[in-house]
Each structure stands twice: as C-alpha cells, then as structure tokens.
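K.L.:
Got a structure here, written out as structure tokens. Questions coming.
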Amino acid sequence: MALGRPLTLLDLKLIRSQPDLVRAGAAKKRMACDVDRILELDESSRRLGVEIDALRQEQRNSGKRMAGADATEREAILASQAELKGRLKDLETEQNSIQDELKALLLLVPNIPAEEVPEGKDDSENVEIRRIGELPQFDFEPRSHIDLGEGQDWLDILRGARLAGSRNYVLKGDLSLLEGAVMRFALDVMVGKGFTPLSVPTLVRTETMVGTGYFPGGEEQAYRCDERDDLCLVGTAEVPVTALHQDEILELGQLPMRFVALSSCYRREAGTYGKDTRGLYRVHQFLKVEQVIIDQADAARSLEHHLEILQNSEEVLQALSLPYRVVNVCGGDLGQPQIQKFDIETWMPSREGYGETHSASRFHDFQARRLNLRYRDADGKVQYCHTLNNTVAASTRMLIALLENHQTREGQVRVPAPLRPYLGGRELLGKPIYA
RNA sequence: GGAGAGGUGGCAGAGUGGCCGAAUGCGCAUCAUUGCUAAUGAUGUGACUCUUAACAGGGUCCGAGGGUUCGAAUCCCUCCCUCUCCGCCA
C-alpha cells in the first residue's frame, strides 16, 4: 500500500533503541509483530543508504565538472558516470525492495499500550471502573426496542432490509424525530463546551483510512468505492476529522483543537453473521456525533484530554437519565492504534446487560505520524501531534437505550427533559398500545 | 463529461537543463533603537534522513510516480489535486 508521504509510523528510532518495549507492547495486545525482521531490514537499508549517498555525491560533483571541461576530460567523465549510474541503479533497486517490505511491516506494528491498560485476552477481561445511574425498575414486563418500535409503527426493519439488505432499517414518525433530537442535543452539548462543529466528507481516500490506522487490517469492515474512485465510506467521523489537518505543520497557538462532527457511519459488519441480528444494535448505517481532540505531544495533557472526552460523554448519558458503566479496555481487546481505550456501556433492558455505546481512545502520536500531522513547539521544533476521540452519541444504540429504559407500561416513551425542546416540548411519545 | 491554466518553503511568489534547496516579499526568532506599543535597522529562519561522542559533513525532497539526459524544479509520459469556461445536476 503506497502512502504519498514520508512514513515514520511507530518511531523507527524507538524500535531500534527499545525493541523489547515494542515486543512487550505487542504481546500485551496479543498481536504479532516481527521486530527482528524490521531491525534487520532497517539496518540493511541504512547500510545501502550510506553507499548510495556517497555515489550520488560523486555523481553530482563530476556532473558539475562537465560544464567547464575540455574534450578529453569530458570523455573521462562520461565513462565514469556511466559506471556510477549502473552501480547506483543496482543499489537503489535493492534498497527499494527492502524499504517496501519495511514499510509494509511498519504499518502493522501495534502502538504500545499505556501502563494503565489492564492485562487480559479479550473483552471479558475489561476492567469496570464505575457504574452510574439506577437501573430501571419495571412493574411490568419491559419490551424490547423492536417490539416498541414496531408496535408504535416507528420502526420498519423488513422494508429496510428490502431496500438495502439485512442490518438495515427505516425509522418512522416520532422515532425519526427522536433520532434527530438526540443527535442535535449531543451536538449542542459539545458546542457549548467550546468544540468546533464540523460537517465533513464521509467518503474519503484510502490514504486517509491508512492515516487514521483503519487500514491495513480493517479493509473488510469498510465499504469501498475504490474500483473507480479510490474512495471508502467511513465507519466514523473520526476519520475525516482527525485527518483534517494531515500533512500540515500547525502553530502552537492553534492547539489544542477540539472538534465535534455529526456524520453518517457505515460498517460492513463482516464476520458478525448471526450476531446481534435483531433490531438496531448492529447495523450497517447510523448517525453519530463524534468528538476529536488534536493537541501537542505531551503525555500528561493527552491523559487529561482522555478523561475530559470521557466525562463529556458521561454528561450526555446522565442528562438523558441512562444508566451506564465505564470499562478500562484490556490489552487483548485493544486495537492496533490505541494506547488506551475506555468504553462506555449503556444499560439495555432487552439485553439484560450493558451494551457498548461509546469508545474513548487515546493514540499518542500514532495517527499523527501516519497522517504527517505536526506542529511547531515552543522551541521551534517540529513534532507530531497527539490525537484522541470519543463517541458523544451514536443514533441507533442511543435509541435502543432511550426506548427501553424510558418505556411505560402502555408502551409509550418518556422523553428526558433535555430532549423535549427538540420535540416540541412533548414529554411522552407514542400512543398507549398495551393495556 | 469537454476545453484551458496551474500545483515551488509557514504564507505569497520568481525561477524553462548545471552557478537552484531555490531570488524577493510577508511572517517568525534574536539583537539594536524605543517610556509602552508601533515603526525602523541588523542578523537569522524549510522538512526529512544518514554518518558522528561532539564539532561538522553527506543525501533526499519544488503535487505523486515513472522516463529522457553525464546532469531535471525546469523536457516527456501517467496519475492526483486546484482554478476558469462549457455541459449535466440535488
């Protein structure tokens, strides 16, 4: 996969100087990483580079002598240049193939997880940090969002599938309005906190997918339009928003940048056949409000931002009176790019459990390196930025939580106070449909 | 989709085969002057990478990739992007 920019990725110097750190990081994430091969390729490439540089210098100097040379000198120069050129070509070809392999391997090196990341093999070993909110107590048999949605004629899964295949849906009437209300509320909360709202493309170049760390590796999860146009549908606004300033050198005064964006999100959900097949939990398309922070390379500040964006989303859930818990994602459940991730799981009565609704990630400079996203620090030195993001609200999973947690015996849905202004002041949605 | 013009440093902009990593201006930094600010003057100021303990030195980069040439920012080809006009269109 070609990337049209210098490629440093996980700092090669770091891999050289502390290979064990990189190995340990990969092990904690339960990921493979051929550090030895990388070091070997790096060394050969550099050895060749020294040779090539010397030959190029010779080539340049004798080339410059041509201008003032007489006939016999010219002939001698031509002869030596021809020989130089041949040697250079051989060495360059060799170095290119080494670097191609090196780049491909570097793209796969996992970012090193933070110390606070718990050990563990998969999501069953994520560590709960806190539970907030009272679980709803029903004095009747609570219904699933599917029963409520279909009963109120708010949700048409059959026709959604007919239009676009399984895992698609149609929202009707008040549920469609409720979707708009939650999205707008989430957006307004973030704008109120000083985040800059952004409307961004959801079709991006594959280079941008590589830059944000989704490719290589996540190709199966993305809808791709690259046969004719080299474009992919994003699974989250994180991609275009984080990449907004790719290839730029930002001024210190511009940082930190805080962005919030509402976008459609598209996910193929390959490999999830038979999992969460009913309802709105796992779908191919939904709306999401996402928050992104871009700041200078400072681990302490990054950690602060991480807690900040986590707090922001918790505030949204609390305002909507939805019970949730926060988990510290363990090494084995962490993706390649993150150094730490907090998931927020919201209570969903039909699942009789918490379902993942938010994911707050801290990347250190992983994405910034791939995106060539840099800034000039106080000393005038160019550095890679740090990036972070978190969900503010994802439409379908929030609708599940809202419908199921706030349902009444009659099958209506109480509207949490903060959403009422977006729904004409109504406190209750739907008609009584159950006795 | 058709025709044309372009893509050069943080920004603007010159540069049509070697003396160009690149004039000049702006911006920025330091110093001088100054009650402060402004103005003025001087000096400095690209990124990446390799060798080196360091001093220092080398190489790469003028949208991307390939080609011609002893030698390419400059010539040729392909692709990407931007702008103008026309067409189509929510």
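K.L.:
Pick from A:227, A:128, A:43: which residue has the top mean-square fluctuation in a GNM of chain A where Cα pairs under 10 Å get a spring?
P.N.:
Evaluated over chain A, the most mobile residue of the options is A:227.
K.L.:
Show the residues, 5+ positions off or on another chain, whose built amide H is closer than 5 Å to the amide H of residue A:225.
P.N.:
Result for residue A:225 returns A:231, A:232, A:233.
K.L.:
With unit charges on the beta carbons (Lys and Arg positive, Asp and Glu negative) and the dipole taken about the Cα centre of the stretch A:257-374, which residue among A:264, A:313, A:354 sits farthest to the positive side?
P.N.:
Checking the options against the dipole of the stretch A:257-374, the answer is A:264.
K.L.:
Let me ask another. Under 10 Å, Cα contacts only: if you run a Gaussian network model on chain A, which one of A:24, A:79, A:114 comes out with the highest mean-square fluctuation?
P.N.:
Highest fluctuation among the options: A:79.
K.L.:
Full-extension gain between residue A:30 and residue A:224, please, as 0.36 nm times their residue separation minus the C-alpha to C-alpha distance.
P.N.:
Stretched fully, the residue A:30-residue A:224 segment lengthens by 67.0 nm.
K.L.:
Among the listed pairs A:64/A:89; A:85/A:381; A:193/A:341; A:288/A:381, which are separated by more than 28 Å between their Cα atoms?
P.N.:
Going by Cα-Cα distance, A:85/A:381; A:288/A:381 fall outside the 28 Å limit.
K.L.:
Quick one: A:233, A:158, fewest Cβ neighbours within 10 Å first, how do they rank?
P.N.:
Lowest count first: A:158, A:233.
K.L.:
Do the sum for chain A: with -39,500 (n - 2.57) for every DSSP H run of n ≥ 4, divided by all residues, what is the mean residue ellipticity at 222 nm, to the nearest 500 deg cm²/dmol?
P.N.:
-12500 deg cm²/dmol
K.L.:
For the stretch A:120-134, in order, what is each residue's ³J(HN,Hα) by Karplus, 6.51 cos²θ - 1.76 cosθ + 1.60 with θ = phi - 60°, in whole Hz (x at glycine and Pro)?
P.N.:
x, 8, 7, 4, 5, 10, 5, 9, 5, 9, 6, 10, 10, x, 7
K.L.:
Filter the DSSP H helices in chain A by two things, a Kyte-Doolittle mean of at least 1.0 and an axial alpha-carbon span of 24 angstrom or more, and list the hits by number.
P.N.:
Those that pass (Cα extent of 24 Å or more, hydropathy at least 1.0) are A:173-192.
K.L.:
Quick one: which residues, 5+ away or cross-chain, put their amide H under 5 Å from the amide H of residue A:250? H built at 1.01 Å from N.
P.N.:
Distant-sequence amide H within range of residue A:250: A:374, A:375, A:376.
K.L.:
Name the residues whose placed amide hydrogens come within less than 5 Å of the amide hydrogen of residue A:285, ignoring near sequence neighbours (fewer than 5 apart) on the same chain.
P.N.:
The answer is A:267.
K.L.:
Hey, another quick one. I'd like to compare A:331-341, A:56-66: which one has the highest average count of other Cβ atoms within 10 Å, and what's the full order after that?
P.N.:
A:331-341, A:56-66
K.L.:
Tell me, how many Å apart are the Cα centres for the stretch A:113-179 and for the stretch A:70-112?
P.N.:
So the separation of the two Cα centres works out to 56 Å.
K.L.:
Same structure, new question: Karplus couplings for the stretch A:221-236 from phi (6.51 cos²θ - 1.76 cosθ + 1.60, θ = phi - 60°), rounded to Hz, Gly and Pro as x?
P.N.:
Along the stretch A:221-236, the couplings run 8, 10, 7, 10, 10, 8, 5, 9, 10, 6, 10, 10, 7, 7, x, 6 Hz.
K.L.:
Please report the spacing between the Cα centers of the stretch A:290-317 and the stretch A:335-409 in Å, no decimals.
P.N.:
9 Å
Read the figures in this text as sums done on the coordinates, not as results from a lab. Bear in mind that the values here come from a model prediction, so they are computed numbers and not experimental data. Here Cβ is always computed from backbone atoms with ideal geometry, including for glycine, and neighbour counts include all displayed protein chains.
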